[in-house]
Amino acid sequence: MNLDKLLNPKQKEAATYLDSHLRIIAGAGSGKTRVLTYRIAYLIEEVGIEPRHILAITFTNKAANEMRQRVVDLLGEYASGALLCTIHSLCVRILRQHIHAFHYPHHFVIMDEEDQKSLLKKIFKDKNIDSKTMSVKSCIHYISSCKMAEISPQKAYKLAGDFIGEAKKAIVYQEYEKYKEEHFMLDFDDLLLKTVELFEKFPEILEKWQRKFQYIHVDEFQDVGNIDYKLIHLLSGQATLCVVGDPDQTIYSFRGSDVNYIMNFDKDYSHVKTIILDQNYRSTKTILDISNNLIRKNKNRLEKDLFTQLEDGDKVVHYSAGDEEAEAEFVCQTIENIIHQVDGVNYHDFAILYRANYLSRPFEQKLIQHQIDYKIFGGLKFFNRKEIKDALSYLRLMVFMDDLSFERIINVPSRGIGQKTLEKIQLKAIDYGISCYEAVCLYSDEIGLKGKVKKAISEFVQAIEKARQSRNPLADVFEYLLKDIGYFEMLRNDEDENRIQNIMELKNSIAGYMNTHPDSATFESYLQDIALYTSQDDMTQDEYVSLMSIHMAKGLEFNYVFVVGLSQDVFPSFRSVSEEGEEGMEEERRLAYVAFTRAKKRLYLTDSQGFNYMTNSPKMASQFIDEIGVDHVEHIGKPSPFKTKQFVHLGPTVDEMIGDNDIHDWKQGDFVEHDVFGKGVIVKVRGNTLDIAFSMPYGLKTLMAQHKALRRLSS
Ligand SMILES: Nc1ncnc2c1ncn2[C@@H]1O[C@H](COP(=O)(O)OP(=O)(O)OP(=O)(O)O)[C@@H](O)[C@H]1O
Ligand SMILES: [Mg+2]
């Protein structure tokens, strides 16, 4: 292994420096992970350290596997004895060996979030807590925060003082911990906490592991939290520690990661050498320049710019589409064009990155239409997500009255229907040769439905029938149906923001379908239209385009990257910025920096116009598009009539636009203001009438084009 050929001098120094602890601070694509990989190979090959004495902690399993593969490729199977894994899997490994010290069995149960929710629901029931006064999700968050701050249930109760709500939470916390202990269960936080506790209570066990790991490496150190840090500190009692990270890529602050651990590392440890890498090997100069332009806008940061010796490369493309379908079409066509034009390029060279998982929907549909294989990392395909299946089952039940849909959702949200009642309904349906839905409509007494259950079923039937008979636009009917049957309430009680976003995106998909089929759209035709997408399984071919949230893309790289859904308030996210202020904005910007720096050869930034159901406002391009500067960017597509405050030099902002009510040339996409319904966007012009999408609760309306209540907002 000739490191002089594989690494630049600074990287080589970092890979071979063993005289003290080492901190590598460096920007994206500067070879931090590569240095770690070669450092491990160097320790084994050149220094003669046995692999089992080496530990490397990565942020994801995928990163661990890739690093292991590279080391094995370099040195052979022997090297796989080094432990390269995430901090959670390290803890599982340690606990499996030693948890008997706490009188737990070796095969303790690891709880995921769904298990946590079920347990809390059970506790709520036992303690007579109404989930309207305290949500399961907020409770999970509360318990986790207490645990991470090392506040016991007893202490939490004391801290609650006279605040009844807080005291109740502390009681739930206590019950939760008790149940877990009695059943030998550990949640994700416990994996870390129990390992720390184990090491603190049993010094001989700690010493064993300290002796085992002589060289410890931690990648993505900018995102460690306090318990991670404590654990690493304990483990590294006798080891040489090497931590690497980029403060500009801290993107998990909302989950407790703290950039100060890397910044103050040299103060916490007595002998620390710091190496700064500043040459980027990943991206073209153009991509690097616009990423640097962006991150420089953050005030709270350590100034460090990257340079590259790679070619300038093509301009970064910003494509602004008329709507999401067109945005997705652009992405697919670009992928096809590149594959066609550039030799040796394959689907695995492409990634589509987004701020939130709900944004994948239009891209998935277009990819399927174009027969481009894709894989979603860190989540399910849109139409396989639970809430989407539930919502579509409601629509299907309304249209087709089919039993499969009925069985799926008759007890979602809970209406007190258990397996036995369901069987009774099914038998009745068979008796009369009708569907289960018809059976509950017609024969609820014969089935033996009584009291609360009967009432719940009757409300359910009413909601479905109301939706069936409604003459309102489909997208609105859909939303009201889910409201009427209590689905939104259920999600809201669970504070399940992601699921609500997915449902609103499904509404968006229905609205889009209405646009493209203005005269013929029915739920039946919509369901048939999307059957192609709902029947997709999660099987993927070897070659696929990668789709993932930016948080998942940390540390990865692709030749061609599309960062999509770059609309103001989507990215940067309205929520983060409104809740966290300037700090939230800086974290969003770091996230954009992570996204842009994943690209090696070409970077495409896309957004679309239209109406945003999530924020109830017309969409505008993200301020980040402006912040990357003008020199290396080619803007194509349809320029937006609206500008964010940052684009003010290009035209007035939405709030500054003036009204106009004598208009004969209405166009799809025009933004309007209505005296009663407020701001909206025209989705269809039909002669003298207009279909206009307004903010909720109004939704889609069909109005007379010449009416005086309507004005165009023109720039
Ligand atoms: N000296 C070098 N010679 C050739 N290629 C290099 C060199 N250093 C880094 N690279 C390549 O540059 C790319 C980026 O490296 P790497 O992923 O290690 O960067 P990183 O600093 O870990 O990035 P991130 O901050 O995104 O995690 C990789 O493809 C890597 O192989
Ligand atoms: Mg890396």
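Counting each DSSP H run of 4 or more residues in the chain as -39500 (n - 2.57), what helix-only mean residue ellipticity at 222 nm follows after dividing by all residues, to the nearest 500 deg cm²/dmol? Mind showing how you got there, number by number?
Working: 29 runs with 328 residues, N = 715.
Computed ellipticity for the chain at 222 nm equals -14000 deg cm²/dmol.
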- request: Summarise the long-distance tail of P(r) for the range 1-125 by giving the % of C-alpha pairs beyond 24 Å.
  value: 43
field: Dipole-positive endmost among Ala429, Val570, Leu527 within the range 425-583 (Cβ charges, Cα centre)
entry: Ala429
- line: Quotient of Cα radius of gyration and Kirkwood radius for the range 396-445, i.e. Rg/Rh, equals 0.93
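Counting other Cβ atoms within 10 Å, which chymotrypsin sites (Phe, Trp or Tyr not before Pro) in the range 417-484 have at most 15 and lie in a DSSP loop?
On the way: sites: Tyr432, Tyr437, Tyr443, Phe460, Phe478, Tyr480; in loops: Tyr443.
In loop regions of the range 417-484 (DSSP not H, G, I, E or B), there are no sparsely surrounded chymotrypsin sites (Phe, Trp or Tyr not before Pro).
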message: How large is the Kirkwood hydrodynamic radius of the range 178-239, counting all unique pairs of alpha carbons, in Å?
response: 12.8
- line: A student asked for the Cα radius of gyration and Dmax of the range 494-591 in angstrom ought to give 17.7, 48
- prompt: Looking at Ile171, Ile54, Phe478, which one has the Cα that reaches farthest to the positive end of the dipole of the chain (charges on Cβ: Lys, Arg +1; Asp, Glu -1)?
  reply: Ile171
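Counting pairs of alpha carbon atoms under 8 Å apart in space and at least six apart in sequence, what relative contact order in percent does the chain give?
Working: 1152 pairs, mean separation 105.8, N = 715.
Relative contact order for the chain comes out at 15 percent.
Find the eigenvalues of the gyration tensor of the Cα atoms of the range 579-632, then list the square roots of 5 times those eigenvalues as equivalent ellipsoid semi-axes, largest first, in whole angstrom. Please report the intermediate quantities before stating the final value.
Working: eigenvalues 93, 59, 23 Å².
So the equivalent ellipsoid measures 22, 17, 11 Å along its semi-axes.
Under the definition of Cα pairs under 8 Å and six or more residues apart, what whole-number percent is the relative contact order of the range 292-437? Display every interim value, and only then the final one.
Working: 75 pairs, mean separation 19.5, N = 146.
Relative contact order here is 13 percent.
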message: Can you compute the charge dipole magnitude of the chain about its Cα centre, using +1 on each Lys and Arg Cβ and -1 on each Asp and Glu Cβ, nothing else charged? Give it in debye, rounded to the nearest 20.
response: 1220
Electrostatic dipole magnitude of the range 396-509 [Cβ: Lys, Arg +1; Asp, Glu -1; Cα centre; debye, to 20]: 300
- prompt: Taking Lys708 as the anchor, which lysines have their alpha carbon closer than 27 Å to its alpha carbon, excluding any fewer than eight residues away along the same chain?
  reply: Lys619, Lys643, Lys667, Lys679, Lys684
- prompt: Cα-Cα over 27 Å: which of Lys147/Lys297; Lys62/Lys638; Lys132/Lys155; Lys132/Lys381?
  reply: Lys147/Lys297; Lys62/Lys638; Lys132/Lys381
- prompt: Can you tell me the Rg and the Dmax, both Å, for the Cα atoms in the chain?
  reply: 28.3, 84
message: Can you tally the net charge around Tyr157? Count Lys and Arg as +1, Asp and Glu as -1, for every other residue whose Cβ sits under 11 Å from the Cβ of Tyr157.
response: +3
statement: Under Stokes-Einstein, the range 277-401 at 20 °C and 1.002 mPa s, with its Kirkwood radius over C-alpha pairs, diffuses with a coefficient in µm²/s of 119
field: Dipole axis of the chain (+1 Lys, Arg; -1 Asp, Glu on Cβ), positive-most option in Leu74, Ala705, Val109
entry: Val109
query: Using modelled backbone amide H atoms (1.01 Å from N, in-plane), which distant-in-sequence or interchain residues come within less than 5 Å of Asp373's amide H?
result: Val545
task: Quick one: which residues, 5+ away or cross-chain, put their amide H under 5 Å from the amide H of Thr240? H built at 1.01 Å from N.
output: Tyr215, Ile216
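On average, how much accessible surface per residue is there in the chain, in Å², for a 1.4 Å probe, leaving out ligands, DNA and RNA?
On the way: 32020 Å² over 715 residues.
Per-residue accessible area for the chain comes out at 45 Å².
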- prompt: Heavy-atom accessible area of Thr615 with all protein chains present, probe 1.4 Å, nearest 10 Å²?
  reply: 40
query: Roughly how many percent of the accessible protein surface of the chain is carbon and sulfur, given a 1.4 Å probe and a whole-percent answer?
result: 49
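Using alpha-carbon pairs under 8 Å, 6+ residues apart, how would you state the relative contact order of the range 351-418 in percent?
Numbers: 31 pairs, mean separation 12.3, N = 68.
Result for the range 351-418 is 18 percent.
If you put +1 on each Lys and Arg Cβ and -1 on each Asp and Glu Cβ, how big is the dipole of the range 473-532 around its Cα centre, in Debye rounded to 20?
Details: 4 positive and 12 negative charges, 15 e Å.
Around 80 debye, computed over the range 473-532.
Measure up Lys10/Lys208; Lys121/Lys178; Lys125/Lys454; Lys127/Lys450 against 24 Å on the Cα-Cα distance and list the ones that go over. If you can, show how the numbers build up before the last one.
Numbers: Lys10/Lys208 34 Å; Lys121/Lys178 15 Å; Lys125/Lys454 22 Å; Lys127/Lys450 26 Å.
Cα-Cα > 24 Å for Lys10/Lys208; Lys127/Lys450; rest within.
The values are calculated or read from the model by the stated rules, or taken from the named source; none is laboratory data. None of the values given here were measured: they were computed from a predicted structure. Reconstructed Cβ throughout: ideal geometry from the backbone, glycine too, with neighbour counts over all protein chains shown. Note: areas computed on protein heavy atoms with side chains; ligands, DNA, RNA excluded. Shrake-Rupley method; radii C 1.70, N 1.55, O 1.52, S 1.80 Å.
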